[in-house]
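The values are calculated or read from the model by the stated rules, or taken from the named source; none is laboratory data. Just so it is clear, the model here is predicted, and its values are computed rather than measured. FYI the Cβ positions are ideal-geometry reconstructions off the backbone, even for glycines, and counts take in every protein chain you see.
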Amino acid sequence: MAEITYLEAIREALFEEMARDENVFMLGEDIGAFGGAFKVTEGLLAKYGEARVIDSPISEIAIVGAAAGAGHMGMRPVVEMQFIDFLANAYDMLTNYVATARYRAFLPCPMVVRGPSGGYVRGGPFHSQNPEAGFIHTPGLKVVYPATAEDAKGLMKAAIRDDDCVLFFEHKYLYRRIKGVMPAGDHVVPIGKARTARGGEDLSIITYAATVHKAVEAAEQLQREDGLSVEVIDLRTLAPLDDQAIFDTVKKTNRVLIVHEDTRTGGIAGEITARINESCFAYLDAPVLRVTAHDIPLPYAPPLEDFVLPQVPDIVLAARRLAAW
Amino acid sequence: MKGKSSKAAAVGSAAAQLTRAQKLELYYWMRMTRTLEERLVALYRQTKVVGGLFRSLGQEADAVGACYALERRDIMSPLIRNMGAMLVKGATPVEILKQYMAKGDSPTRGRELNIHFGDTERGFIGQISPLGDMVPVMAGVTMTFKMRGQDRVGLVFVGDGATSTGAFHEGINFAAVQKLPLVVVVENNGYAYSTPTHKQTAAAQFVDKAIGYGVYGEQADGNDVLAVYDVTKRAVDRARAGGGVSLIELMTYRRKGHAEHDSQSYVPEGEIERWAAENDPFDRCAAMLRDREGVSPDEIAAIDARVHQEIDAATDIAEASPPPEALDALIGVYGEPAAEKPLWFREGGAALTEHERAQGWGTYDTGHV
């Protein structure tokens, strides 16, 4: 099997799921004839037609709300946010309507809201965001954020088959930079399970999405230069969190660094730290440290963006501090 | 008229086809709406209603007349003053009473308030409190009808206030572009909470908004149940025939406050009394039956008695129902997992201690290394 990119892996999942289940359809801005701003949905219109690949007006509230209504009736809509930053436009519909529907009204919303996320791409304040924390905070939503091409495909298939709303964050920095060979057959990666991206004994880095690759790079440097054995846990799913995988790595290495590209205050690193405190405080040999973005709207110019976002040297520095504790 | 708003003719052909029995049925649902709300007021004053109470006094014809234009297979989403529409769609008085009293076997098992509940089998989907949100949702419901080639129509109620929301705008525009079989009923009752219509929009009338969306627009006297039925039936038939979205403005008046706690201090003196005396939809329906259908006072009295009897029986059942079990709160946030775990402080702390490290502080010896 040939290698395909992270982006192609997502597209492959969409093609396969549309073929598998006629209730699956696509809804979003410029996704049909144009194939989407990043071409993720390219080719779907030609194969499945306008009835199942629907170009919408610029109306995030409407397309998320319509997906919920269609979901109530047994459809499995996949909605594209042209940039995941625009989830904010649909915040009410997602948090007040979709997230509560099953609980308050026994109405399922089997839908996926997907879109390009994240920085390191000089996208500026509205094409680089990582707004996952606000949605992780909302009971009723599931949130996944893959780091590899294999997971991008397998998690997309799981998300489409899930009976609840899954927010599917696609890291645009990884779209064409990361490749993988897809496992044969019906490749589904379960939601809610973390992955060990790199095994290690001395300290653990818990992370997800683009910073998984930065953490692995840092771990290799630490091995080379310091002889440190660093474990890297790729969360893959942010809601529900894989507590077991987090606690297992804490108990194994006793030192934890959490890395994310999202801003610091209210970011998921705080939540993971709290869970470690509550459940395995006595296993810690050092305080849990964080490397995150600064609490700054993401700026455009390369020197500014590079300063604000976590980089490999930041991770190396934090890991050395942790190891020396 | 497409792309044009227009006032409906007095009573058109659709209402003219209603039989005497059907008109009596309209009266029955309006009677049920008003009397059930009066029963809820009594329960509210006895503190048996857990939350707020919302009345549709003076607006019963809108809810009942509009929903009566739907078929069983159609789906409707009501607003807080459309209890009558839910009754027409098959919601029962006992369900509504249990909802208001937060009973464990209420339709939402105590999770949601008042008439915020639904049943897709019977053809109604419960609203949520953020106004306008049901327009996009019903666009999705009707989009499914269209995709599946089903002969079904959707109807969504909004108030004058909801037309100012982004969700209303995005939803009706999306439905219009997709040419979905959706009827959007704007119930103009003069107030959104305390805000009068002229502070809600600079448009002369809400039906004018139809022009901007490129949909059919019609306005009708919302206190004339036959006019409401007529204008809605036309829109429903048009939607079923593939004619797309209609926006209907029903002119009515909210005689009670936003909810029972609302003193209506913002309403000009005499306004409520004038509407009650001169333009009550219930009185007008009764007069129509008497003058045009020759319905006798005895027939009316029999319907009224039947309604009272049904509500008495429903009240007994609802009051006897138990409240929900507390642990039920943890069930069904997701399909999978089926239930959330209680937090440790609700479990006596067991979950916390099992993670304690036996060897104590400051050692690497965990068995893993």
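Of the residues making up segment B:125-151, those that are among the acidic types (Asp, Glu) and more than 7 Å from chain A (Cβ to nearest Cβ) number 1. Yes or no: B:Ala167 touching a helix residue (DSSP H, G or I) at 6+ places or on another chain (Cβ under 7 Å) and either closer than 29 Å to B:Ala15 by Cα or of a type outside the set (D, E, K, R) (or both)? For B:Ala167, the condition - touching a helix residue (DSSP H, G or I) at 6+ places or on another chain (Cβ under 7 Å) and either closer than 29 Å to B:Ala15 by Cα or of a type outside the set (D, E, K, R) (or both) - is met. Restricting attention to segment A:244-290, the residues being in a strand (DSSP E or B) and within 14 Å of chain B (Cβ to nearest Cβ) number 1. Exactly one residue out of A:Ile136, A:Ile160 is touching a Leu at 6+ places or on another chain (Cβ under 6 Å), assigned by TED's automatic domain parsing to the domain that holds A:Tyr103, of a type outside the set (S, T, N, Q) and more than 21 Å from A:Tyr120 (Cβ to Cβ): that is A:Ile136. Considering segment B:309-341, the residues that are within 10 Å of another protein chain (Cβ to nearest Cβ) and of a type in the set (D, E, K, R) include one that is nearest to A:Val166 (Cα to Cα), namely B:Glu336. Scanning segment B:92-114 for residues that are of a type outside the set (D, E, K, R) and without any contact (Cβ under 8 Å) to a residue 24 or more places away in the chain yields a count of 3. Looking at the structure I just gave you, is B:Gly65 in a helix (DSSP H, G or I) and within 23 Å of B:Tyr191 (Cβ to Cβ)? Against the criterion (in a helix (DSSP H, G or I) and within 23 Å of B:Tyr191 (Cβ to Cβ)), B:Gly65 qualifies. Taking segment A:217-244 as the range and being under 15 Å from A:Pro146 (Cβ atoms) and either over 17 Å from the mean Cα position of the chain (by Cα) or of a type in the set (D, E, K, R) (or both) as the test, the residues that pass are A:Asp234, A:Arg236, A:Asp242. Of all residue pairs spaced 6 or more apart or on separate chains, none has beta-carbon atoms under 7 Å together with a first member in segment A:120-143 that is more than 16 Å from A:Phe83 (Cα to Cα) and a second member that is among the β-branched types (Val, Ile, Thr) and at pLDDT below 95.
Of the residues making up segment A:113-162, just one is part of a helix (DSSP H, G or I) and among the aromatic types (Phe, Trp, Tyr), namely A:Phe135.
All of (1) touching a helix residue (DSSP H, G or I) at 6+ places or on another chain (Cβ under 7 Å); (2) under 30 Å from B:Met147 (Cβ atoms); (3) of a type outside the set (Ser, Thr, Tyr) hold for B:Val295 with one exception: (2).
Just one of the numbered conditions (1) surrounded by 17 or more Cβ atoms within 10 Å (Cβ to Cβ); (2) farther than 30 Å from B:Tyr216 by Cβ; (3) of a type in the set (Gly, Ala, Ser); (4) at pLDDT 95 or above is not true of B:Gly257: (4). Exactly one residue out of B:Met86, B:Met32, B:Met76 is in the same structural domain as B:Asp283 (by TED's automatic domain parsing) and outside any helix (DSSP H, G or I), and it is B:Met76. With the condition being at pLDDT below 95 and at positive phi, I'd like the strands (runs of 3 or more DSSP E) fully within segment A:163-229 carrying at least 3 qualifying residues. Result: empty, no element qualifies.
Of the set (1) within 14 Å of chain B (Cβ to nearest Cβ); (2) crowded, with 21+ Cβ neighbours inside 10 Å; (3) more than 30 Å from B:Thr108 (Cα to Cα), all apply to A:Ile63 but (3).
Let me spell it out: the conditions are (1) within 22 Å of B:Arg122 (Cα to Cα); (2) in contact (Cβ under 8 Å) with a residue 40 or more places away in the chain, and A:Asp85 meets all of them except one. Which number is the exception? Here A:Asp85 clears every test but (1). Restricted to segment B:166-258, the set of strands (runs of 3 or more DSSP E) holding at least 2 residues that are in contact with an Asp or Glu (Cβ under 8 Å, 6 or more places away or on another chain), away from every other protein chain (no Cβ under 14 Å) and under 19 Å from B:Ser56 (Cβ atoms) comprises B:182-188, B:246-251.
Restricting segment B:101-124 to residues that are charged (D, E, K, R) and more than 20 Å from A:Ala99 (Cβ to Cβ) leaves a set whose member that is farthest from the other protein chains (Cβ to nearest Cβ) is B:Lys103.
Residue by residue, here is whether (1) under 23 Å from B:Met147 (Cβ atoms); (2) hydrophobic (A, V, I, L, M, F, W, C); (3) surrounded by 24 or more Cβ atoms within 10 Å (Cβ to Cβ); (4) more than 8 Å from chain B (Cβ to nearest Cβ) holds:
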| site | (1), (2), (3), (4) |
| --- | --- |
| A:Val79 | yes, yes, yes, yes |
| A:Thr95 | no, no, no, yes |
| A:Pro125 | no, no, no, yes |
| A:Phe135 | no, yes, no, yes |
| A:Gly140 | no, no, no, no |
| A:Lys157 | yes, no, no, yes |
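Given the residues B:Tyr213, B:Tyr191, which is the only one that is farther than 21 Å from B:Glu60 by Cα and of a type in the set (Phe, Trp, Tyr)? Only one candidate passes the filter, namely B:Tyr213. The set of residues in segment B:319-344 being part of a loop (DSSP other than H, G, I, E, B) and of a type in the set (A, V, I, L, M) consists of B:Val333, B:Ala338, B:Leu343. Just to be sure, is A:Arg177 among the basic types (Lys, Arg), in contact with a helix residue (DSSP H, G or I) (Cβ under 9 Å, 6 or more places away or on another chain) and without any contact (Cβ under 8 Å) to a residue 40 or more places away in the chain? Taking the combined requirement at face value, the residue does not satisfy it.
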